[in-house]
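> Next up is a structure, given as structure tokens.
The values are calculated or read from the model by the stated rules, or taken from the named source; none is laboratory data. Note that the coordinates shown come from a computational prediction; the quantities given were computed from them, not determined experimentally. Note that each Cβ is placed from the backbone with ideal geometry, even for glycine, and that neighbours are counted across all protein chains shown.
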Amino acid sequence: MPHNLPLSPQKGSRSLQEVLAEATKLLEKAGIDSPRLDAEVLLSAVLSLPRHQLYTNLNEPIDSSSLRLFRRLVKKRASRVPLQYIVGHVEFMSLDFLTKKGIFIPRPETELVVEAVLERADLTRPLIIMDIGTGSGSIAVSLAFNLSHAEVYASDISQKALRLARFNAKRYLVDDRVFFLKGSLYGAFKGLGLEGKVDFIASNPPYVPEGEWKELQPEVREHEAPEALIAGKDGVDCYREITEVAPLWLRPGGWLVLEIGEGQAAPIKELILKEKSLGGVEVIKDLQGIERVIIARRG
């Protein structure tokens, strides 16, 4: 989008400060959690101007075409369309990932999965990593970008998601080391000869219980794919299969790193400990103190 700040004020024009205030009130009335921030992100996108530069241009006028576009985007956000779908991208691990409607949006808490792998990665030898349910490719691409000696095998049941993930991998020149495969959970990796050779299995699997779907925010419930979020009556269906089969794929000493939902650490730890070859369970909390990632190691 072009940068449309006039060089001098025009009669009757409105300043960035005024249109931001107007948009913030509208978004606040619509129940948006961060109305001012969202308004700034949308205006930045319309003007192709970094958000921090808005503050030095608040008294500048906005031209009529940019104002119309901005108001249209604000109205869309007020109808609870996710901000990431409107602007078409999201930051994850300091990288910019393209997003599309219906494909799971990378969340900041999922960065904990990537960080856990990076902290435990052996930098002295080649690594093999699995990413189960890759979505836009945020985990797989981030790991490949940060671990130049790693091969990453990433799966998803959605062909649309895999196309986007491949595109994100190409943007960061890691598409020669990230292999995207269609299939459910481990099904995508069969026939590759990876059994017993994987250093890390990383995943942010679906973990929303069926009964909680209607309680989710409209941004999630009405716009994101249910299959990327819902996991049976108790929300741990995917974890059962992931933990049960993980020892077949992990090498001795290999790691299982999973994002979990709030309150799920205890039942998922129990699932892990049922597998005699998995142990050393650790739980990582996010900045709000919520148990967010669970880690285990194959003996």
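> For the subset of the stretch 112-125 comprising residues that are part of a helix (DSSP H, G or I) and free of Cβ contacts under 8 Å to residues at least 24 places away in the same chain, which member is surrounded by the most Cβ atoms within 10 Å (Cβ to Cβ)? Let's see the steps before the verdict.
We begin by selecting, within the stretch 112-125, every residue part of a helix (DSSP H, G or I); these are 112-120.
Next, from what is left, pick out any that are free of Cβ contacts under 8 Å to residues at least 24 places away in the same chain: 115, 119.
Values: E115: 16, E119: 9.
Top of the filtered list is E115.
> Quick one: would you say I128 is touching a helix residue (DSSP H, G or I) at 6+ places or on another chain (Cβ under 6 Å) and either of a type in the set (G, A, S) or surrounded by 15 or more Cβ atoms within 10 Å (Cβ to Cβ) (or both)?
Details: touching a helix residue (DSSP H, G or I) at 6+ places or on another chain (Cβ under 6 Å): no; either of a type in the set (G, A, S) or surrounded by 15 or more Cβ atoms within 10 Å (Cβ to Cβ) (or both): yes.
No: the conditions fail for I128.
> I'd like the residue in the stretch 177-220 that is exposed (fewer than 15 other Cβ atoms within 10 Å of the Cβ) and of a type in the set (K, R) and, out of all such residues, is modelled with the lowest pLDDT.
For the stretch 177-220, the residue satisfying everything is K214.
> Please go through the stretch 143-164 and pick out each residue that is assigned to a helix (DSSP H, G or I) and more than 20 Å from I242 (Cβ to Cβ). Break it down stepwise before answering.
Quick first cut of the stretch 143-164, residues assigned to a helix (DSSP H, G or I) only: 143-146, 159-164.
Correct list: A144, F145, N146, Q159, K160, R163, L164.
> Do we find that L98 is more than 14 Å from A202 (Cβ to Cβ) and of a type in the set (A, V, I, L, M) in this structure? Steps first, please.
Details: more than 14 Å from A202 (Cβ to Cβ): yes; of a type in the set (A, V, I, L, M): yes.
Yes, satisfied.
> Could you list, ordered by first residue, the pairs with Cβ atoms under 8 Å in which the first is in the stretch 17-28 and farther than 14 Å from V41 by Cβ and the second is assigned to a helix (DSSP H, G or I) and small (G, A, S), at least 6 apart or interchain?
Taking only residues 6 or more apart or on different chains, the pairs are L26/A78.
A quick yes/no check of all residues on (1) within 24 Å of I290 (Cβ to Cβ); (2) at pLDDT below 95; (3) over 12 Å from the mean Cα position of the chain (by Cα):
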| residue | (1), (2), (3) |
| --- | --- |
| G88 | no, yes, yes |
| F97 | yes, no, no |
| L112 | yes, no, no |
| A116 | yes, no, yes |
| T124 | no, yes, yes |
| M130 | no, no, yes |
| V141 | no, no, no |
| D156 | no, yes, yes |
| Q159 | no, yes, yes |
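> Next question, about the same structure. One residue is enough: does the stretch 242-265 have a residue meeting the conditions in a strand (DSSP E or B), acidic (D, E), touching a Leu at 6+ places or on another chain (Cβ under 9 Å) and under 19 Å from V198 (Cβ atoms)?
First pass over the stretch 242-265, keeping only residues in a strand (DSSP E or B): 250-259.
If we keep only those that are acidic (D, E) as well, we get 259.
With the extra rule that they be touching a Leu at 6+ places or on another chain (Cβ under 9 Å), the set shrinks to 259.
So of that shortlist, the ones also under 19 Å from V198 (Cβ atoms) come out as 259.
Looking through the stretch 242-265, at least one residue is in a strand (DSSP E or B), acidic (D, E), touching a Leu at 6+ places or on another chain (Cβ under 9 Å) and under 19 Å from V198 (Cβ atoms).
> Here's something else I'd like to know. If I filter the stretch 166-176 for residues that are closer than 25 Å to R297 by Cβ, assigned by TED's automatic domain parsing to the domain that holds L147, in contact with a strand residue (DSSP E or B) (Cβ under 7 Å, 6 or more places away or on another chain) and buried (at least 20 other Cβ atoms within 10 Å of the Cβ), do I get at least one hit?
Quick first cut of the stretch 166-176, residues closer than 25 Å to R297 by Cβ only: none.
Looking through the stretch 166-176, none of the residues is closer than 25 Å to R297 by Cβ, assigned by TED's automatic domain parsing to the domain that holds L147, in contact with a strand residue (DSSP E or B) (Cβ under 7 Å, 6 or more places away or on another chain) and buried (at least 20 other Cβ atoms within 10 Å of the Cβ).
> A follow-up question, please. Considering only residues that are out of contact with any helix residue (DSSP H, G or I) (no Cβ under 9 Å at 6 or more places or on another chain) and surrounded by fewer than 17 Cβ atoms within 10 Å (Cβ to Cβ), look in the stretch 134-165 and name the one that is nearest to G102 (Cα to Cα).
It comes out as K160.
> Looking only at the stretch 23-38, how many residues end up being at pLDDT 90 or above and either loosely packed, with under 15 Cβ neighbours inside 10 Å or not assigned by TED's automatic domain parsing to the domain that holds L69 (or both)? Quick ask: steps written out before the conclusion?
First, pick out the residues of the stretch 23-38 that are at pLDDT 90 or above: 23-32, 34-38.
From the residues that got through so far, the ones that are either loosely packed, with under 15 Cβ neighbours inside 10 Å or not assigned by TED's automatic domain parsing to the domain that holds L69 (or both) too are 25, 29, 31, 34, 37.
Number of matching residues: 5.
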